[in-house]
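**Student:** Let me begin by handing over the structure; questions about it come next.
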Amino acid sequence: MFFMLSAIAFPVLAAGISVLRGHKFSEKGYRTAFVAAVLVIETVLVLASCAVGGQAGLSVTRDIRFLFRMDDLGRFFAAFISIVWMLVGIYSFEYMEHEERQTNFYRFYLLTEAAIMGILFAGNYITLYMCFELMSLLSFPMVMNSHTKASIIAAQKYLYYSVFGASLGLIGLFYFSSYTVSDGFMPGGCLDAAKTAGHEGLLLAVTMAVIIGFGTKAGMFPMHAWLPTAHPEAPSPASAVMSGVITKCGVIAIIRVVFYVTGADFIRGTWVQRTWMILTLITVFMGSMLAYKENGFKKRLAYSSVSQVSYVLFGLSTLTQIGMAGALLHVLFHSIMKDLLFMCAGAVIIKTGRTKVDQLRGIGKEMPVTMWCFTIAGLGLTGIPPTAGFVSKWYLAQGSLQSGSGALEWIGPAVLLVSALLTAGYLIMISVHAFLPGADFDYSSVSRKEAGVSMTVPMVILAAAVLILGIWISPIQNFLTGIAGSLIA
């Protein structure tokens, strides 16, 4: 319990100290050392809490209590998110030298991590909802960090979408509390059969609203438009964690509602499952197509996130053990790969000033380490073995075929295949043109512009993880299959 609560409270305390030490925190050396120490200590606290576990609750009234509890799903999300958050934070030290407002960025970076840990450790719906709202409120200042007109508009759009989506989640909190046997999350669901009898239609509609609401954060159609607006305006470290981490908070919220409140059996075979599957497949195809047509570098990656996170939601919507295991694997893999892609894009942008895809021809000659990391991540997102993405996409296709959802069980793998081909087109072709610019390329103008150590090392670590997890994945695969088996009969 101590480590779990410390993992939530420590970043808040650190942010408070940074305010009290405002003058010192504005000094680059002090700020870098302080934030680096906080990120490392926070990662240790999170990993310790994952190992030890625990539970803590606070009753506000007779019917309202805040509950934090460690379970296997929380362990999985918290462990890799804390590591990724730390690596992106280290990467940001050099990147943020090019930004004017660094102190506020780091304060909100730390506070957002605390809110995310609250989401991951939430033991009941009200705790999840409160931390979810806090995460949105604390993360949107990072989008508008530059304080340009475009960044402010993007931040407002992000906040509006987030608040509206969370309000749909709030509807679920109001309704489900009257039909459950416990206010805590229970594997398999906690709906009371006697209370729900005769109210199934209402609860199905509420469930669909909650899926769309929390799916807003995950970029699911029709609530996806904030991603391609926010990502190009946010600093690349913020874009990285928004795409690789914050979108996953929408995923875990949906998992908690569908598999810990209503239960998979409640929606299996209903219009809710079919609608959910259709929305995810639309998002997968639409996001891939828009990414393929987009020339803006970071905006292309944002549309890619729209598509790839819905791979995860599609796997969940199959309501099969293998589909859910594939979804959880893709949560991990996408987080690593998409963080890496945005970090590579940030390195290219600050070192060359190039923000368009058609400007990247020959960039591999100038920034080979960065572009090799980009290439490995691109191969992973495409699903080419032996990278990590191949395993998860294989499981997702198998889950679709076992879903028993009629035509959708065959349409699903077909859409995933088309999306993979489009992914190769909008990511791998960047690498091809980067390293093979053609005979008419002016090689005499090439000069090395590689990013510094604090940016390059985190990128190399994540690129290595893409390869290592693609080969030695069995322990994690077995662990996640066990979680899926405990939630889906």
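The values are calculated or read from the model by the stated rules, or taken from the named source; none is laboratory data. Quantities reported herein were computed from a predicted structural model and do not represent experimental measurements. Here the Cβ is made from the backbone with ideal geometry for all residues, glycine too, and neighbour counts use every protein chain on show. All accessible areas refer to the heavy atoms of the entire protein, side chains included, with ligands and DNA or RNA removed. Shrake-Rupley method; radii C 1.70, N 1.55, O 1.52, S 1.80 Å.
**Student:** Among the candidates Val272, Val331, Val312, Val261, single out the residue that is under 15 Å from Val415 (Cβ atoms) and either out of contact with any strand residue (DSSP E or B) (no Cβ under 8 Å at 6 or more places or on another chain) or buried (at least 24 other Cβ atoms within 10 Å of the Cβ) (or both).
**Tutor:** Of the residues listed, the single one that is under 15 Å from Val415 (Cβ atoms) and either out of contact with any strand residue (DSSP E or B) (no Cβ under 8 Å at 6 or more places or on another chain) or buried (at least 24 other Cβ atoms within 10 Å of the Cβ) (or both) is Val312.
**Student:** Could I ask something else about it? Looking at Ala291, Ala238, Ala205, Ala230 in this structure, which one is open to solvent by 40 Å² or more (accessible area, probe 1.4 Å) and part of a helix (DSSP H, G or I)?
**Tutor:** Of Ala291, Ala238, Ala205, Ala230, the one residue that is open to solvent by 40 Å² or more (accessible area, probe 1.4 Å) and part of a helix (DSSP H, G or I) is Ala205.
**Student:** A further question on this structure: Look at Val12 and say whether it is among the hydrophobic types (A, V, I, L, M, F, W, C) and either within 23 Å of Val251 (Cβ to Cβ) or touching a strand residue (DSSP E or B) at 6+ places or on another chain (Cβ under 7 Å) (or both).
**Tutor:** Considered against the rule, which asks whether it is among the hydrophobic types (A, V, I, L, M, F, W, C) and either within 23 Å of Val251 (Cβ to Cβ) or touching a strand residue (DSSP E or B) at 6+ places or on another chain (Cβ under 7 Å) (or both), Val12 comes out as no.
Condition check ((1) in contact with a Cys (Cβ under 7 Å, 6 or more places away or on another chain); (2) acidic (Asp, Glu); (3) over 18 Å from Ile322 (Cα atoms); (4) buried (at least 16 other Cβ atoms within 10 Å of the Cβ)) across all residues:
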residue	(1), (2), (3), (4)
Met367	no, no, yes, yes
Leu401	no, no, no, yes
Trp410	no, no, no, no
Leu422	no, no, yes, yes
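**Student:** Using beta carbons and a limit of 7 Å, which pairs, at least six apart or on different chains, have the first residue in segment 413-435 and free of Cβ contacts under 8 Å to residues at least 60 places away in the same chain and the second one assigned to a helix (DSSP H, G or I) and open to solvent by less than 10 Å² (accessible area, probe 1.4 Å)?
**Tutor:** The qualifying pairs are Pro413/Ser400; Ile428/Gly378.
**Student:** Now for a different question. Mind checking whether some residue in segment 126-133 is surrounded by 22 or more Cβ atoms within 10 Å (Cβ to Cβ) and under 23 Å from Ala302 (Cα atoms)?
**Tutor:** yes
**Student:** Could you list, in sequence order, all residues of segment 157-198 that are surrounded by 14 or more Cβ atoms within 10 Å (Cβ to Cβ), assigned to a loop (DSSP other than H, G, I, E, B), at negative phi and not hydroxyl-bearing (Ser, Thr, Tyr)?
**Tutor:** Selection gives Asp183, Phe185, Met186, Pro187, Cys190.
**Student:** Quick check on segment 175-194: of everything there that is in contact with a Lys or Arg (Cβ under 9 Å, 6 or more places away or on another chain) and aromatic (Phe, Trp, Tyr), which residue is nearest to Ile488 (Cα to Cα)?
**Tutor:** The selected residue is Phe185.
**Student:** State whether the residues of segment 112-128 include one that is farther than 27 Å from Phe185 by Cα and outside any strand (DSSP E or B).
**Tutor:** No, every residue in segment 112-128 fails to be farther than 27 Å from Phe185 by Cα and outside any strand (DSSP E or B).
**Student:** Being open to solvent by 10 Å² or more (accessible area, probe 1.4 Å), aliphatic (A, V, I, L, M) and over 23 Å from Leu467 (Cβ atoms) is true for just one of Ile322, Ile336, Ile376, Ile384. Which residue is that?
**Tutor:** Ile322
**Student:** Then there's this: Being open to solvent by 10 Å² or more (accessible area, probe 1.4 Å), assigned to a helix (DSSP H, G or I) and farther than 30 Å from Ala193 by Cβ: is that true of Ile282 here?
**Tutor:** The answer is yes for Ile282.
**Student:** I would also like to ask the following. Among the residues of segment 139-156, what is the count of those that are open to solvent by 40 Å² or more (accessible area, probe 1.4 Å) and under 17 Å from Ala15 (Cα atoms)?
**Tutor:** Number satisfying all stated conditions: 1.
**Student:** Something else: If we keep just the residues of segment 209-227 that are open to solvent by less than 10 Å² (accessible area, probe 1.4 Å) and of a type in the set (A, V, I, L, M), which is farthest from Gly485 (Cα to Cα)?
**Tutor:** This residue is Leu227.
**Student:** From (1) touching a strand residue (DSSP E or B) at 6+ places or on another chain (Cβ under 9 Å); (2) within 30 Å of Met86 (Cβ to Cβ), pick out the condition that doesn't hold for Asp183.
**Tutor:** Condition (2) is where Asp183 drops out.
**Student:** Scan segment 80-104 for residues that are touching a Pro at 6+ places or on another chain (Cβ under 7 Å) and open to solvent by less than 10 Å² (accessible area, probe 1.4 Å) and jot them down.
**Tutor:** Within segment 80-104, Val88, Tyr91, Ser92, Met96 meet the criteria.
**Student:** So, one more: Consider Ile430 against the criteria (1) open to solvent by less than 40 Å² (accessible area, probe 1.4 Å); (2) within 21 Å of Gln273 (Cβ to Cβ); (3) of a type in the set (A, V, I, L, M, F, W, C): it satisfies all of them except one. Which criterion is unmet?
**Tutor:** Among (1) open to solvent by less than 40 Å² (accessible area, probe 1.4 Å); (2) within 21 Å of Gln273 (Cβ to Cβ); (3) of a type in the set (A, V, I, L, M, F, W, C), Ile430 violates only (2).
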